[in-house]
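Asks: Could you have a look at this structure, given as structure tokens, before my questions?
The values are calculated or read from the model by the stated rules, or taken from the named source; none is laboratory data. From a predicted model like this one, the values you see are computed outputs, not experimental measurements. Reconstructed Cβ throughout: ideal geometry from the backbone, glycine too, with neighbour counts over all protein chains shown. The area values use the complete protein model at the heavy-atom level, side chains included, leaving out ligands, DNA and RNA. Shrake-Rupley method; radii C 1.70, N 1.55, O 1.52, S 1.80 Å.
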Amino acid sequence: MASHASNLWVLLGLGIAGILLAAKKLKKTIREDFGAFVDKLLLLPPPQPAPPKAPHPLTGLSFAISDVFDVTGYVTGFGHPDWVKTHEAASSTCPVVSTLVEGGATCVGKTVVDELAFSISGENKHYESPTNPAAHDRIPGGACSGAAVAVATNAVDFALGIDTVGGVRVPAGYCGVLGFKSSHGAISNTGIIPVSSSLGSIGWFARDPNTLRRVGHVLLHLPFAAQRNPRQIIVADDYFQLLKIPVDRITQVVTKSAEKLFGRQSLKHQNLESYFESKVPSLTEFTRTKAIANTKAPTSRLLANVMQLLQRHEFLQNHGDWINTVKPAIDPVISSQVCENAELTNEEIENLNAIRNQTRVAINSLLKDDGILVIPTMPTLPPKLGSKEIISEDYQNRASSLLSVASISGCCQVTVPLGRHEKCPVSVSFIGRHGGDRFLLDTVQTMYASLQENSSIVADPKSSKKTISQEESAEIAKEKGNQAFKEKQWQKAIGLYSEAIRLNENNATYYSNRAAAYLEIGSFLLAEEDCTKAIALDKKNVKAYLRRGTAREMLGEYKEAMDDFRHALVLEPNNKRASLSAERLRK
């Protein structure tokens, strides 16, 4: 089967003599994309529905998919050329991909994954590892390195990946973007090459929380509902001791944001080691098996070992025959990890599954319906390319301990970037209970602007000087928001309008302007809510009525939308926008 790249050039009319030149050009183009893509393709969404039906929820967004998702007519590469050589092109497209396309998004390509999607380094000798756009001399993180890089470089609006032992969370943190790991089993894995069925979850990357949330609502098939704020922000103090960068660089940011948004009473502190020790009794049985060498290891290390054993065991169950038959050239580090302690007895497997179930129950009990657990994403800054840090026992132990919490429990987790430390991206992770994906997405959207603001202050304390009044500061924030809006930087505009509201909550214009930005990103409920607040403050705010009418029209509340447009016409009889909108709804 000819490669997709060659087919593309032939379609463009290049002769046989030009194929070598074409290949060189394609290689250069890929490097200009920071090496994110292995295949360019185009899956277009269906036409928009006729008014008054709302447009597709992901209209205008582009996305890429990690090379583990099937697309009709393409061989799913799995990060290894020998896999491509020994497998046929997919006969159908993965339902997750189809759902996104049907939701209005355009798929533009497949992205690089680690070799057999097994590691978390992001380095793949077969495809020239993607370059970390946030720190060129550092690893991008894996397994879904290309997807994170494609989002970080603005090549796409969002990207799909899989997360088994950190495949989405790690590259998101190392490349400075948002990365969401959904609850285990919440999204179908049909049409996706499996790594570990007990641990693997669908995940996605985005640059802003609104896009992250919009994609989540489509993939999780969530209806519109009012957002809920967390009542508990639980900081896992002992897990922050695994960090090798200043702990305050992260915890202070979260603390300041939580206090401002939800009050000081929302903050709680938890020692997870002792909590898991009391709530996961099967870990005691685990220490008696041959699967664990160090019986005195802390609970976090034991959970990490459980994760690694399950990953290896299930990976070989899925792909061991292929490896033994084809004998592909596999990176020695990955090869040693795959083969180490892979044989497990039925009794040991039952014990590992009991640990998974007990850990899930423990976290769900801790968080309930209104709690968020805060832990570091990774213990260090992204390791340098080619360094031995990534394979050191200390790095592996610390990283696996942090990543195992959500992998073993199957809970949802999101990586949130928090600026830079020593010129490298840093991040924090929020974990929600299993099945609490909507709540976690809402929490990120609520906290994101405040987290970014406080991240700047913690990184540069001099930036927080207060030399002008709150009202003046609010006006400055509004004007900056207006500028961001003109430049179509919707999320930045929302953050700035939110800051203006925080400084002066009695100004109708601030709410109305933020509503306009929410409309641009499809957050119609939030837009309606802001307009209602604006109208309560200023009954003659024509723009607020128009924007609320638009939001209600998009939500299918046509009678209420008509009332808003008519009210705007009462206030301004010659307002063309109100007149046209009312006329459209009458048809």
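Asks: Going through the stretch 170-201 one residue at a time, which ones are open to solvent by less than 10 Å² (accessible area, probe 1.4 Å) and of a type in the set (Ser, Thr, Tyr)?
Replies: Tyr174, Ser182, Ser183, Ser196, Ser201
Asks: Checking the structure you have, find out if any residue of the stretch 264-287 is in contact (Cβ under 8 Å) with a residue 12 or more places away in the chain, part of a loop (DSSP other than H, G, I, E, B) and open to solvent by less than 60 Å² (accessible area, probe 1.4 Å).
Replies: Looking through the stretch 264-287, at least one residue is in contact (Cβ under 8 Å) with a residue 12 or more places away in the chain, part of a loop (DSSP other than H, G, I, E, B) and open to solvent by less than 60 Å² (accessible area, probe 1.4 Å).
Asks: Also, quick follow-up: Report yes if some residue within the stretch 215-228 is in contact (Cβ under 8 Å) with a residue 24 or more places away in the chain, under 18 Å from Leu403 (Cα atoms) and open to solvent by 30 Å² or more (accessible area, probe 1.4 Å); otherwise report no.
Replies: no
Asks: Could you check, for the stretch 431-447, whether at least one of its residues is among the aromatic types (Phe, Trp, Tyr), within 19 Å of the chain's Cα centre (by Cα) and either under 27 Å from Leu309 (Cα atoms) or modelled with pLDDT of 95 or more (or both)?
Replies: For the stretch 431-447, residues among the aromatic types (Phe, Trp, Tyr), within 19 Å of the chain's Cα centre (by Cα) and either under 27 Å from Leu309 (Cα atoms) or modelled with pLDDT of 95 or more (or both): present.
Asks: Tell me, which residue of the stretch 80-89 that is assigned to a loop (DSSP other than H, G, I, E, B) and not β-branched (Val, Ile, Thr) is least open to solvent (accessible area, probe 1.4 Å)?
Replies: This residue is His80.
Asks: Continuing with this model, one more query. Would you mind stating whether Arg398 is part of a helix (DSSP H, G or I), at pLDDT 95 or above, basic (Lys, Arg) and under 18 Å from the mean Cα position of the chain (by Cα)?
Replies: So Arg398 does not fit the description; no.
Asks: List pairs: first in the stretch 539-550 and part of a helix (DSSP H, G or I), second crowded, with 24+ Cβ neighbours inside 10 Å and of a type outside the set (Gly, Ala, Ser), Cβ under 6 Å, 6+ apart or cross-chain?
Replies: If the second residue must be crowded, with 24+ Cβ neighbours inside 10 Å and of a type outside the set (Gly, Ala, Ser), the pairs left are Ala544/Cys531; Tyr545/Asp564; Arg547/Cys531; Arg548/Glu528; Arg548/Cys531; Arg548/Asp564; Gly549/Asp564; Gly549/Phe565.
Asks: A further question follows. For the stretch 35-79, give me each residue that is hydrophobic (A, V, I, L, M, F, W, C), modelled with pLDDT of 95 or more and open to solvent by 50 Å² or more (accessible area, probe 1.4 Å).
Replies: Once the filter is applied, which keeps residues that are hydrophobic (A, V, I, L, M, F, W, C), modelled with pLDDT of 95 or more and open to solvent by 50 Å² or more (accessible area, probe 1.4 Å), the stretch 35-79 yields Leu42, Leu44.
Residue by residue, here is whether (1) within 30 Å of Asn351 (Cβ to Cβ); (2) touching a helix residue (DSSP H, G or I) at 6+ places or on another chain (Cβ under 6 Å); (3) open to solvent by less than 10 Å² (accessible area, probe 1.4 Å) holds:
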| residue | (1), (2), (3) |
| --- | --- |
| Lys388 | no, no, no |
| Tyr395 | yes, yes, yes |
| Leu403 | yes, no, yes |
| Ser409 | yes, yes, yes |
| Arg420 | no, no, no |
| Ser427 | no, yes, no |
| Ile431 | yes, yes, yes |
| Thr443 | no, no, yes |
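Asks: Checking the condition surrounded by fewer than 23 Cβ atoms within 10 Å (Cβ to Cβ), over 27 Å from Glu128 (Cβ atoms) and without any contact (Cβ under 8 Å) to a residue 40 or more places away in the chain, which residue from Ser98, Ser92 passes?
Replies: Ser98
Asks: Moving to a separate point now. In the set Arg231, Arg207, which member is surrounded by fewer than 24 Cβ atoms within 10 Å (Cβ to Cβ) and closer than 22 Å to Thr111 by Cβ?
Replies: Arg207
Asks: Restricting the search to the stretch 551-561, which residues are surrounded by 15 or more Cβ atoms within 10 Å (Cβ to Cβ) and touching a residue at least 24 places away in the same chain (Cβ under 8 Å)?
Replies: If the condition is that a residue be surrounded by 15 or more Cβ atoms within 10 Å (Cβ to Cβ) and touching a residue at least 24 places away in the same chain (Cβ under 8 Å), then Ala551, Arg552, Glu553, Met554, Leu555, Ala561 are the ones that fit.
Asks: Here's a follow-up. What single numbered condition from (1) open to solvent by less than 30 Å² (accessible area, probe 1.4 Å); (2) closer than 30 Å to Trp83 by Cα; (3) out of contact with any strand residue (DSSP E or B) (no Cβ under 7 Å at 6 or more places or on another chain); (4) not in a helix (DSSP H, G or I) fails to hold for Pro382?
Replies: (3)
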